[in-house]
Structure formats: C-alpha cells, structure tokens
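Working notes, structure below.
The values are calculated or read from the model by the stated rules, or taken from the named source; none is laboratory data. Treat the numbers as computed from the prediction; the structure is a model and nothing was measured. FYI the Cβ positions are ideal-geometry reconstructions off the backbone, even for glycines, and counts take in every protein chain you see.
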Amino acid sequence: MNGLMMQQPLLISSLLTHAERHHGEQQIVSRRVEGDIHRYSFRDMAGRSRRMANALGTLGMKPGDRVATLAWNTHRHMELYYAVSGAGGVLHTLNPRLHPDQVVWIADHAEDQILFFDLTFLPVIEAIASRVKTIRTFVAMTSRAHMPASTKVPGLLCFEELCEQHAPEFAWPSFDENTASSLCYTSGTTGNPKGVLYSHRSTILHTMASAMPDALNVSTRDCILPVVPMFHVNAWGLPYSACMVGAKLVFPGPGLDGKSLHELFESEKVTVSAGVPTVWQGLLGYMDGNDLKFSTMRRTIIGGSACPPAMMRSFQERYGVQVLHAWGMTEMSPIGTVCTLKGMQAGLSADEKMAVQAKQGRAVFGVDMKIVGEDGAELPWDGKAAGELLVRGPWIISQYLKGEGGNPLVDGWFPTGDVANIDANGFMQITDRSKDVIKSGGEWIGSIDLENIAMAHPAVAMAACIAAPHPKWDERPLLVVMKKPNAEVTREDILAFYEGKIAKWWTPDDVVFVDAIPLGATGKMQKMKLREMFRDHKLPTA
Ligand code: ADP
C-alpha cells in the first residue's frame, strides 16, 4: 500500500522560492571585489537569479551542462548557485588557489562550457583561456564600469550587463530530483583530482540535516558569515541552509585577513561563522594583537582539519564564542559529524567537556559510520580501538565522475581514508589520515594528538607531525614547528612540554623549526610536502 502524500521532487530551486516567499526581506551583504559593500534582500537575489537563469539560456546552457565559477564568496556567486542548478545545469566551483595547470586539467575533465570569474582572477583566466578545451564563454563577475579596458580573453562578457539584458521572470523547471546539481573536485593529494557530483536530492537532504540544532544549528535569527569558500565543498552547504532557514548572510569576498573579517563581523552583527583552523588563526592573531572582542558572535563551526583544543579554548574562554567541531569530506557534501554535547554530559567539568569537544563529534541523522580493523572486521566503540572510518548515507558519493578510480565502495560503505575511534556515546575522533599515520614498531601514533599538544604551547603558531624514517622503529614522529612572530622557544622546551601529557613513547624524537608550513588549496597542512622536505632528516638516536 502506498502512502497518499504529494510527490514533489527535492529541488534546489525550492530553497530560493521558499526564501523569497517567506524571508523576502532578509538581507545578504557582500564585500565585493570592487571594494564596496553591497547590500540587498533575498527577494532581490531571487529576481537576479532568475535573470541569470534566462541569461544562461541565451548563452546556450542545456540541462546537464557544466557551468564553472572561479570566484570568492559574494552575492553574485550566490546568484549563480541558484541560477545554474535551478535551471538544470551543473555548477562547478573551481578552486582558484590551485595551480593554473590544475585548473585547466579539471575544467577539461569536467567539460565545462561557461566560466564565470571574479576580476581578481583575470590574470589566471588570460593565461588559461586559450588552453581550456571546452569552455566557449567567459563572463567577468562585475559591472560595465569595472570591465577591463582590454583583455586577451576572447568575447569576454559582463555579468551585470547579462543581468540587465534579461527579464526577472523565469519559471524554475521541475525534473527528477536525482539530476546532477553541482560538482566539486577532491584536492588530489594523491593522483589526479576526482569529480564529486552532487544531486538536487542529496543537496536538499544534506541541507535539512545540516541546519538541525545538533548540527550547524542555524535559524532565521542568525547572521551567518561563511569564511569557508563557496569553492570548498559549497561552503559546507551554508548558501543552501541560509535560504532554507531564512538567515541573514554576509559574504566576505576576497577580504579574508583578520582585520577585514573582524570589521565585517562587528558591522553586520554576525552570530555564526564557519571555516578551517588556519583562517581562524589569522583572525585570532589579529584580535589578540589589537585587544579586540566580538560583540555578537556566538558560534563558529570549525572543520576541514582538526581544530586544536588551544584554539577552542581561546574562542570559548577569551571571546565567548562556542566552537562546533565538525568533520566531513568533499565526498560527503561535506557534513558527517558535528560535536555537540549530549544532555547527560551537562554535568561534566570544563576540562572534561573540552576533551569531548576536541573530538570530531556524532553522526548527524542520515550518516551512518563504523570503524574497521585491517581485516575489515568492525571494531568496538570504546573510544580506544582505532581503525579506518567508513560511512554511508544519501549525500555520500556512490562513484566519482566518469567512474574514475573504479568502485569506491566496500560492501556499500565509503572508506574515508581517515583513521578514527568512536566512544560508547557515539563520539568519533579522527586520529589521523591513513596516509599520514606514523607507524612506530608496528604501533600507530596519532599525529593529530601530538600537533594539538604542540599548538597549546604559547610560542607555537602551527605544528605538523610527520613520520621520519628510523633504523630501529621504522618510523618515529618528527615535529615541524612554525613559531609565533617574535616568540622564542627551543627544541628542548617543546619536548619538555609533552611530559605528562602523553605516553612517553609517543613523544616526538625531534623538533625542527620552519618559517612556514606549506598549506594546500583548502588551507590544510600539506604533510606530503613536509615528508619530502624532511625525507633525509636524521633523527637523534638515543
Ligand atoms: P581534501 O582535503 O581531500 O581536499 P576534503 O576537503 O574533502 O578534501 O577533506 C576531507 C578530509 O579532511 C577528511 O577525510 C579528513 O581527513 C579531514 N578533515 C575534515 N574535517 C576534519 C576534522 N574536523 N578533523 C580532522 N580532520 C578533518
């Protein structure tokens, strides 16, 4: 017997229609590439998205065509999020921090047809325009007045002109909810990047789950500033969830330095933000140095790499901002777990709470997870046994674009490449990425734990722990440290700092200092590069 409920496909356009109808007055504020602050409403945004949907039709976008962006977080990028997917195209957010050769490779692989870009990236576009195979139209995301006087990009179009030339009336089409909506590539730390193709259905389900109180916890009373770029897994879904709940949105554009961010947090009364730990380091450094406070910020979502407890303490104890530690992947749309305490943990001491918060958290409804040993057998949830983390759910990849890499699943589960433990309350903690694991005498040493301790040292700005070859133990931990500006600290000070905090045999064998730790295109420490740099490092033999 079937239920007797309406059959409505889950489509991204419904988020926009809802936002316009029920939260039409809500504001979207953007710091633009042109340098000004732009301000309008969801109602305005919806109208301009429809104009852009008409423009895409004129430009020849057919259902399923890939439309690429190379852009910051701004209102124009948001308009494209809805115009492209809503009209049946596939929004492909390219990462401008990648090397131009990689951008060309990815755009060719995706067979992008149209490319929208912020003026910041004009030099990149000029360098690649004649090299990309399938892109036939380039659009600069600016007004006529700011268009370059001359350019090597053939037939360059102007975003604002396209908007003006097209009518705001457009009926969003209805189609199968399993239709592809957007595309992101993995970073390709090993091998070529692979395409992750989201659907309308997966996006809507992810949006619903991500907004829940025990997930990102966003509502119409919030003002959200996504620091996480819209080219990093769709800014963790915030451009969708803000429409779903009717939250005010503030887009930082290219201004991701501490000063620009802090100004915007204060002037727009931001309550919620999200980003990777490295970007918060810049902001907190600026605020510490200038003795600044937040007056409205209440929560920040930190993920993408492990949030050091020292950063959590700083946010929570010094600035009164609650940290929500979250974990996910491009392959997971991205949200898998978020760390919010359970009711029964209310009575824990501050230190005990912090120990829970340092974990990556509990699975949101829709995501199931398990950890397995080397033989594939499931491991107990005791907070100790660590194994590979596998996940499944309706917003988790079933295969990569064009079947690259073959079938990624094992018995219907997606192996994440992360090593984790899960405690009896269901809190998952990542101890490492499997390719970063340090194996000393056959036993794993969790590099994230060692980094977290080092980063609690007042003189340490950033620390990465990598495996260095060792004649007896195969591998031993080597700690690579970037000091805070003007701070003084020695190898011995740091090694002494580990005493009593960790099993003695986990203590790094050596500490080296570097001017900068290499970061990847999404702000993560590039341990592969560090391993290459210190391939011949001789550990002191005790
Ligand atoms: P990539 O870094 O491969 O481009 P993603 O941005 O999809 O891709 O990153 C996913 C990976 O980032 C996860 O598999 C995990 O290793 C790491 N990661 C994400 N969030 C966290 C977190 N909170 N703590 C530790 N690692 C994390």
>> Return the residues of segment 344-368 that are small (Gly, Ala, Ser) and part of a loop (DSSP other than H, G, I, E, B); say none if nothing qualifies.
In response: Ala346, Gly347, Ser349, Ala358, Gly366
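This table checks each residue for (1) of a type outside the set (Asp, Glu); (2) buried (at least 16 other Cβ atoms within 10 Å of the Cβ).
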residue	(1), (2)
Met5	yes, no
His22	yes, no
Arg31	yes, yes
Asp36	no, no
Gly47	yes, yes
> Which ones in segment 296-317 are away from the ligand (no atom under 16 Å from the Cβ) and assigned to a helix (DSSP H, G or I)?
Replying inline: Arg313, Ser314, Gln316, Glu317
> Among all residue pairs at least 6 apart or on different chains, which show Cβ distances below 7 Å where the first residue, located in segment 382-402, is in a strand (DSSP E or B) and the second is among the aromatic types (Phe, Trp, Tyr)?
Replying inline: Leu390/Trp413; Leu390/Phe414; Val391/Trp413; Val391/Phe414; Arg392/Trp413; Arg392/Phe414
> Which one is farthest from Pro458 (Cα to Cα), of the residues in segment 474-509 that are among the β-branched types (Val, Ile, Thr) and surrounded by fewer than 19 Cβ atoms within 10 Å (Cβ to Cβ)?
Replying inline: Ile502
> When Gly343 is evaluated against the numbered criteria (1) closer than 29 Å to Ser187 by Cβ; (2) of a type outside the set (Asp, Glu); (3) more than 16 Å from the ligand (Cβ to nearest atom), which criterion, by number, is the only one it fails?
Replying inline: (1)
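Every residue, every condition in (1) under 24 Å from Thr337 (Cβ atoms); (2) touching a helix residue (DSSP H, G or I) at 6+ places or on another chain (Cβ under 6 Å), yes or no:
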| site | (1), (2) |
| --- | --- |
| Ser219 | yes, yes |
| Val227 | yes, yes |
| Asn234 | yes, no |
| Pro239 | yes, yes |
| Gly246 | no, yes |
| Ser267 | no, no |
| Ala310 | yes, yes |
>> Taking the condition of being away from the ligand (no atom under 11 Å from the Cβ), surrounded by 14 or more Cβ atoms within 10 Å (Cβ to Cβ) and not in a loop (DSSP other than H, G, I, E, B), how many residues in segment 403-431 meet it?
In response: 3
> Do any residues in segment 290-313 that are among the small types (Gly, Ala, Ser) have Cβ atoms under 9 Å from those of residues that are in a strand (DSSP E or B) and more than 16 Å from the ligand (Cβ to nearest atom), where the two are at least six apart or on different chains, and which pairs are they?
Replying inline: Ala310/Val460
>> I'd like the residue in segment 432-470 that is of a type in the set (Gly, Ala, Ser) and assigned to a helix (DSSP H, G or I) and, out of all such residues, is surrounded by the fewest Cβ atoms within 10 Å (Cβ to Cβ).
In response: Ser434
> How about segment 318-330: which of its residues are within 15 Å of the ligand (Cβ to nearest atom) and in a helix (DSSP H, G or I)?
Replying inline: Thr330
> Inside segment 136-151, can you point out the residues that are farther than 19 Å from Asn73 by Cα, of a type in the set (S, T, N, Q) and part of a loop (DSSP other than H, G, I, E, B)?
Replying inline: Ser150, Thr151
> What are the residues in segment 1-59 that are out of contact with any helix residue (DSSP H, G or I) (no Cβ under 7 Å at 6 or more places or on another chain), under 17 Å from Leu80 (Cβ atoms) and basic (Lys, Arg), if any?
Replying inline: Arg32, Arg50
> Within segment 119-135, restricting attention to residues that are in a helix (DSSP H, G or I) and out of contact with any Ser or Thr (no Cβ under 9 Å at 6 or more places or on another chain), which residue is nearest to Pro254 (Cα to Cα)?
Replying inline: Thr120
> Would you say Gly275 is closer than 24 Å to Leu519 by Cβ and modelled with pLDDT under 95?
Replying inline: no
> For the subset of segment 318-330 comprising residues that are touching a strand residue (DSSP E or B) at 6+ places or on another chain (Cβ under 7 Å) and under 30 Å from Asp288 (Cβ atoms), which member is surrounded by the most Cβ atoms within 10 Å (Cβ to Cβ)?
Replying inline: Trp327
>> For segment 3-60, give me the residue count where each residue is of a type in the set (Lys, Arg) and closer than 18 Å to Glu169 by Cβ.
In response: 5
>> Within segment 515-527, does at least one residue satisfy the condition of being in contact with a Leu (Cβ under 7 Å, 6 or more places away or on another chain) and more than 16 Å from the ligand (Cβ to nearest atom)?
In response: no
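Condition test on Glu177, is it closer than 19 Å to Arg298 by Cα, of a type in the set (D, E, K, R) and surrounded by fewer than 24 Cβ atoms within 10 Å (Cβ to Cβ)?
Considered against the rule, which asks whether it is closer than 19 Å to Arg298 by Cα, of a type in the set (D, E, K, R) and surrounded by fewer than 24 Cβ atoms within 10 Å (Cβ to Cβ), Glu177 comes out as no.
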>> Can you find, within segment 331-343, the residue that is surrounded by the fewest Cβ atoms within 10 Å (Cβ to Cβ) among those that are touching a residue at least 40 places away in the same chain (Cβ under 8 Å) and either touching a Pro at 6+ places or on another chain (Cβ under 9 Å) or part of a helix (DSSP H, G or I) (or both)?
In response: Thr340
